[in-house]
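Below is one structure; the comments refer to it alone.
Each value in this text was obtained by applying a stated rule to the coordinates, not by laboratory testing. Keep in mind it's a predicted model, so treat the numbers as computed, not measured. So basically every Cβ, Gly included, is an ideal-geometry build from the backbone, and we count neighbours across all protein chains shown.
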Amino acid sequence: MNFMMIAVMVLGAIALVASVVLYVVSKKFAVKEDPRVGQVVSLLPGANCGGCGFPGCGGMADALVKAADQGSLDGLMCPVGGPAVMGSVADLLGMSIKNVDPMVAVVRCNGTCSLRPRTAVYDGLRTCHAMHACGAGETGCGYGCLGCGDCVAACQFGAISMNKETGLPEVDEDKCTSCGACVKACPRHIIELRKKGPKGRRVYVRCVNHDKGAVAMKACKAACIGCGKCVKECKFDAIHVEGNLSYIDFTKCRLCRKCEAVCPTHAIVAVHFPPKKVTAPETDTAKNAVVQQVVVEEPKNEEKKA
């Protein structure tokens, strides 16, 4: 028997022993998956966006099953599927869920091309992260939107687009699933998830500039100057100023819009509200007509008395 045949036989024996060992180990230490996990995965959207806080829909399904075993699904929510999908999952697991207010991505920057003039020209990799690493970008504001569209690229649902006229991203609320991908993609953290509000109405500060008033206004005419007028006007303790920047707590806001009216730079915006009724001022012609009617009516009254 030559050496080649011996080598083949030895390797074959080693492979056979190894396969037997692997088979025994796999059977002995096998982890059986709860069949409910696969059923829950089939109900989830399958976007694997990570908006739920877990690594994909598989991780979310596993967390839901474990939470059901503990008796509560509180704190778990699929932002893409929303209440409809969560309701189906709860029915499958024999649980119930609380009503969760829908959220939507909000762009907290109002520095349009006209309000935030260009002060420099960036010549480099056109991504927000690259521009942010280089400094303030092409404007004097070191906090506002850079306009390169990292949030657009991060959105899997086509809910964000760049407005060429304003240079700012716009969110399509009908497509937004509040997965939070755009929030993570923005290096300046100008995008946040806020409560959608009744009929989509909400009031918020569209600025993230922490500079002092004069410096902020020099960079952008729509910047929050931290004057505190909105804080004094709010009767519900929903607004606070920290670091020269005002912030509205959407859990306390009553949507009265009084803060919007007193903001000197219009940094506070209110969306999806019906237009305010404007009372037309009384003109001189209308006043003269009233005077003429009085003058004409007086002689008639005197004739009747006579």
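Numbers for the structure displayed
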{"read-out": "Dipole magnitude of region 129-183 about its Cα centre (Cβ charges: Lys, Arg +1; Asp, Glu -1), debye to nearest 20", "value": "160 debye"}
{"read-out": "Charge dipole (the chain, unit charges on Cβ, about Cα centre) - positive-most of G124, C49, C253", "value": "C253"}
{"read-out": "Nearest-0.05 FRET efficiency for V121 and A214, computed from C-beta distance (R0 22 Å)", "value": "0.30"}
{"read-out": "Nearest-ten-degree value, helix 56-70 long axis tilted from longest Cα axis of the chain", "value": "90 degrees"}
{"read-out": "Cα-based Kirkwood hydrodynamic radius, the chain, one decimal, Å", "value": "24.8 Å"}
{"read-out": "Distribution of pairwise C-alpha distances over region 35-93, 10 Å bins, in %", "value": "26, 66, 8"}
{"read-out": "Dipole axis of the chain (+1 Lys, Arg; -1 Asp, Glu on Cβ), positive-most option in A154, A270, S96", "value": "A270"}
{"read-out": "Within the chain, helix-based [θ] at 222 nm, where runs of 4 or more DSSP H residues each add -39,500 (n - 2.57), nearest 500", "value": "-11500 deg cm²/dmol"}
{"read-out": "Pair S42, A153: separation of 7 Å Cα→Cβ label points (nm)", "value": "3.8 nm"}
{"read-out": "Stokes-Einstein D (µm²/s) once Rh is taken as the Kirkwood radius of region 103-271 over alpha-carbon pairs, at 25 °C in 0.890 mPa s", "value": "150 µm²/s"}
{"read-out": "The chain: angle of helix 3-28 to the longest principal axis, Cα-based, in degrees nearest 10", "value": "50 degrees"}
{"read-out": "The chain, dipole about Cα centre (Lys/Arg Cβ +1, Asp/Glu Cβ -1), debye to the nearest 20", "value": "400 debye"}
{"read-out": "Net charge contributed by nearby residues that have their C-beta within less than 10 Å of C109 (K/R +1, D/E -1)", "value": "+4"}
{"read-out": "Region 1-40: mean projected area of Cα convex hull, nm²", "value": "3.9 nm²"}
{"read-out": "Length gained when the stretch M5-E33 is fully extended (0.36 nm per residue, less Cα-Cα span)", "value": "5.7 nm"}
{"read-out": "Potential extension, V271-V20 segment - 0.36 nm per residue separation minus Cα distance", "value": "83.6 nm"}
{"read-out": "Amide H contacts of Y204 (H built 1.01 Å from N, under 5 Å, at least 5 apart or other chain)", "value": "V269"}
{"read-out": "Selection of trypsin sites (Lys or Arg not before Pro), region 16-70, meeting DSSP coil and at most 16 other Cβ within 10 Å", "value": "K32"}
